[in-house]
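The values are calculated or read from the model by the stated rules, or taken from the named source; none is laboratory data. Everything numeric in this text was worked out from a predicted model, so none of it was measured. We place every Cβ from the backbone using ideal geometry, glycine too, and count neighbours over all the protein chains shown. With ligands, DNA and RNA removed, areas are computed over all heavy atoms of the protein, side chains included. Shrake-Rupley method; radii C 1.70, N 1.55, O 1.52, S 1.80 Å.
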Amino acid sequence: MAEKAARVSARYHRRVPKYSIVVPFHNEEDNVTKLYDRVKETMEHVGSSFEMVFVDDGSRDRTYRLLEEIAAVDSRVLLIKLRRNFGQTSALAAGFDHSSGECILAMDGDLQHDPTEIPQFLAKLEEGYDVVSGWRSQRGDNMLFRRIPSRVANWMMARISGVDIHDFGTTYKAYRREVIHNIPLYGEMHRFIPALASWYGATICEIPISNPAREAGASHYGLSRTFRVLFDLMTIRFLLKYMTRPLHFFGGLGSLGVISGSGIALWLLIHKLLRGGDVASEHAPWFIIAGVLILAGIQFVGVGLLGELQVRHFFTQQQRQPYTVDRIVRMKSNEESIRQ
């Protein structure tokens, strides 16, 4: 019995690929086949076992149909179809969760990431780095609406996180499995993975990558994305510094409010005792300010305590996923068919 279990375990480990290439797609019917061909060619030259995890993020064109045709003829392709468009972060999270490689590389499906550069990322992982981030050192985007906002956001992110890289925004990154699976992804947090990974003690490096123009299809990014990034920066700042101790943040603000309000109230009381008179009518604004500060301070402390309870829940309960899978498609290899 033990010998049979050992044989089953050995067969299982042989099926686990070394690399997983995760690509989210959203209305990219003109780029699907080209990207698959280029990734496959590159990875076959690498020589190690690999899988391609393609995620259809609620596409309304022929993207899923083309991906399904690819998955039907290549057992190395795992196709995940989400029920609707959940966004790039959730699509990446779905790909990461369903990938099985020891190392995971993520890239966009619009061919603005050159698949021939994949070996550079894998080589850095082999050197021992946990996260390898691409750097679009020579960008061809619009200066006013893309490059300048991106440089400002990247500079702010580097200062906030303490991670000295130039380009947080690109999806083109490679990770060790144990690192990326420790990072919860939701909202639009995929661009801040290096900052979150640094919180877990990951080693990070950056390599320059090309940024070719989109060959086909329309860009899904606009100026509104810049404003969302600014809000995400505030979130990241809070997460990196107070993720496991929110009471330190809210409690500090609350204590400041309570102490300030109490100080004003004490001053009004002393004024009343020493000078008499109608303090309420003479200093009515100060009465209001003192009351507001004390109540707001108590509320901030309460919010901090609720935050502490949420942190406890986060570390003790299973997290829900930020996406819903409609179906998963993968063709069985010949070896698996024979065994069954």
Checklist entry - Yes or no: HIS26 open to solvent by 40 Å² or more (accessible area, probe 1.4 Å) and within 14 Å of THR171 (Cβ to Cβ)? => result yes
Next on the checklist: If I filter the stretch 14-30 for residues that are at pLDDT below 90 and part of a helix (DSSP H, G or I), do I get at least one hit?
Outcome noted: yes
Checklist outcome for this item: Over the stretch 37-58, the set of residues open to solvent by 20 Å² or more (accessible area, probe 1.4 Å) and closer than 14 Å to ASP108 by Cβ is ARG38
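Can you name the residue in the stretch 59-86 that is in a helix (DSSP H, G or I) and out of contact with any strand residue (DSSP E or B) (no Cβ under 7 Å at 6 or more places or on another chain) and, of all such residues, is surrounded by the fewest Cβ atoms within 10 Å (Cβ to Cβ)?
If we take residues in the stretch 59-86 being in a helix (DSSP H, G or I) and out of contact with any strand residue (DSSP E or B) (no Cβ under 7 Å at 6 or more places or on another chain), then VAL73 is surrounded by the fewest Cβ atoms within 10 Å (Cβ to Cβ).
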Next on the checklist: Please determine whether any residue of the stretch 115-132 is part of a strand (DSSP E or B) and touching a helix residue (DSSP H, G or I) at 6+ places or on another chain (Cβ under 9 Å).
Outcome noted: yes
Item to check | Filtered residue count, the stretch 153-182, keeping only those that are of a type outside the set (A, V, I, L, M, F, W, C), part of a helix (DSSP H, G or I) and closer than 21 Å to PHE121 by Cα | outcome: 3
